[in-house]
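Trainee: Take a look at this one; I'll ask things after.
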Amino acid sequence: MSSYAIIAASGVGKRMKLQEGQSKQLLEIGGYPVIYHTLSAFEQAASIDAVFIATKPESIGILESMKKKYGFSKIESIIPGGKERQDSIYNCIDLIEKHIATTGVLPEAILVHDGARPFIQSWEIDDIVSLSMRYGACVPATKPKDTIKYIAENSDFFGETLDRSRLLQVQTPQGFASKTLIQAHKHARLEQCYATDDAALVEKFFPEQNIKIYETGYHNIKITTPEDIHLAEAIYAKLLLQQETQSLEKN
Ligand SMILES: Nc1ccn([C@@H]2O[C@H](COP(=O)(O)OP(=O)(O)OP(=O)(O)O)[C@@H](O)[C@H]2O)c(=O)n1
Ligand SMILES: C[C@](O)(CO)[C@H](O)COP(=O)(O)O
């Protein structure tokens, strides 16, 4: 049994308000690029056999060098992404299909992750792979901390309040039985239907497929706006401290 990961790392980072030539994936947290943290977690996850990355053409060389420098042996391909996140993922799916055709190996599960979520832990990846294999689909999420309301038709005003106990904030890596993910993306491409996550495509094209909830902690943030870098430094420091305490307890 094998499982693959797709890392979407081809965004422009508009909401980060970066300076010309800066890349969100290469901003540093704890002295290492955002994407380094992300790739390390997938390298360490025992359940992952191969990693496919979609990135900006100008970042391919940088990621190839990082692969060599840090010995990221699971990286199978680094290819150009597309216009939208979904197009970048589709490019990797297309490549995975070719890979399946040449190797004859159909991975049981495929996980799709945002390159901009650097704090996913390798044991969480392993859990999500295992639950995706068991249920056919598994998505990480956290409980919202704020009350969430619709915007009214007159967008200057609030509409109704949503029942928070029935809401979850959805994250990545999202895991699926490989055939389900591939087919969902193919249907979406045919119908030119776009969604903000992969689970939404599976919900639309395979409504009978239940998606298992995997509750993570609040560490699995996506670096989206400038203040996230400061939050990321704090989360990284806390995760390092936890790892040190755990290794001291073991010894
Ligand atoms: N065409 C795109 C757009 C986004 N992504 C990736 O999808 C993930 C989630 O997207 P987001 O945080 O929105 O990143 P950006 O698109 O870079 O940010 P923004 O929307 O602010 O421009 C990121 O890892 C991003 O690199 C991608 O691979 N290809
Ligand atoms: C996939 C995702 O990270 C789940 O929260 C999110 O939907 C990506 O959205 P973005 O607008 O591309 O940041």
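The values are calculated or read from the model by the stated rules, or taken from the named source; none is laboratory data. Note that the structure is a prediction, hence the values are computed from the model and not measured. FYI the Cβ positions are ideal-geometry reconstructions off the backbone, even for glycines, and counts take in every protein chain you see. Ligands, DNA and RNA are excluded from the accessible area calculation, which covers all protein heavy atoms including side chains. Shrake-Rupley method; radii C 1.70, N 1.55, O 1.52, S 1.80 Å.
Trainee: Kindly report, to the nearest 10 Å², the accessible surface of Lys143 as traced by a 1.4 Å probe over protein heavy atoms only.
Mentor: Per-residue accessible area (Lys143): approximately 110 Å².
Trainee: Of all beta bridges DSSP finds with both residues in the chain, what is the antiparallel percent, to the nearest 5? The partial results should precede the final answer.
Mentor: Details: 12 of 33 bridges.
So the antiparallel bridges amount to about 35 percent of the total.
Trainee: Using the scaling law 2.2 N^0.38 Å as the reference, what is the normalised Cα Rg of the range 93-189?
Mentor: Relative to the 2.2 N^0.38 Å estimate, the range 93-189 comes out at 1.42.
Trainee: Can you list the chymotrypsin sites (Phe, Trp or Tyr not before Pro) in the range 120-199 that are in a DSSP coil and have 14 or fewer other beta carbons within 10 angstrom?
Mentor: Passing both the DSSP loop test and the Cβ count: Phe157, Tyr194.
Trainee: Kindly write out, for the range 175-182 in residue order, the coupling ³J(HN,Hα) from the Karplus curve 6.51 cos²θ - 1.76 cosθ + 1.60 (θ = phi - 60°), rounded to whole Hz, with x marking Gly and Pro.
Mentor: Values, residue by residue: x, 9, 4, 4, 5, 4, 5, 4 Hz.
Trainee: Students sometimes get this wrong: rank Thr103, Thr38 by accessible area, probe 1.4 Å, all chains present, largest first. Mind showing how you got there, number by number?
Mentor: Values: Thr103 70, Thr38 0 Å².
Sorted by accessible area, descending: Thr103, Thr38.
Trainee: According to the Kirkwood expression over distinct Cα-Cα pairs, how big is the hydrodynamic radius of the range 56-139, in Å?
Mentor: On the way: mean 1/r = 0.0682 Å⁻¹.
It works out to 14.7 Å.
Trainee: Determine the shape class of the chain: with a ≥ b ≥ c the square roots of the Cα gyration tensor eigenvalues, call it rounded for a/c under 1.5, and otherwise prolate if a/b is greater than b/c, oblate otherwise. Don't skip to the answer; put the middle values down first.
Mentor: Values: a/c = 1.27, a/b = 1.06, b/c = 1.20.
It comes out rounded by the Cα gyration axes.
Trainee: Provide the per residue accessible area, probe 1.4 Å, for the chain, rounded to a whole number of square angstrom.
Mentor: 54 Å²
Trainee: Starting from the range 130-209, pick out the GluC sites (Glu not before Pro) whose DSSP state is loop and whose Cβ has at most 13 other Cβ atoms within 10 Å.
Mentor: Glu153, Glu208
Trainee: Something else about it: With a ≥ b ≥ c the root eigenvalues of the C-alpha gyration tensor of the range 121-251, is it rounded (a/c under 1.5), prolate (a/b larger than b/c) or oblate?
Mentor: oblate
Trainee: Summing -39500 (n - 2.57) over the DSSP H runs of n ≥ 4 in the chain and dividing by its residue number, what mean residue ellipticity at 222 nm do you reach, to the nearest 500 deg cm²/dmol?
Mentor: When only DSSP H runs of four or more count, the value is -13000 deg cm²/dmol.
Trainee: Carbon and sulfur together cover what percent of the accessible area of the chain at a 1.4 Å probe radius?
Mentor: Looking at the chain in its full context, I get 52 percent from C and S.
Trainee: Once you charge only the Cβ atoms, +1 for Lys and Arg and -1 for Asp and Glu, what is the size of the charge dipole of the chain about its Cα centre, to the nearest 20 debye?
Mentor: Using only the charged Cβ atoms, the result is roughly 200 debye.
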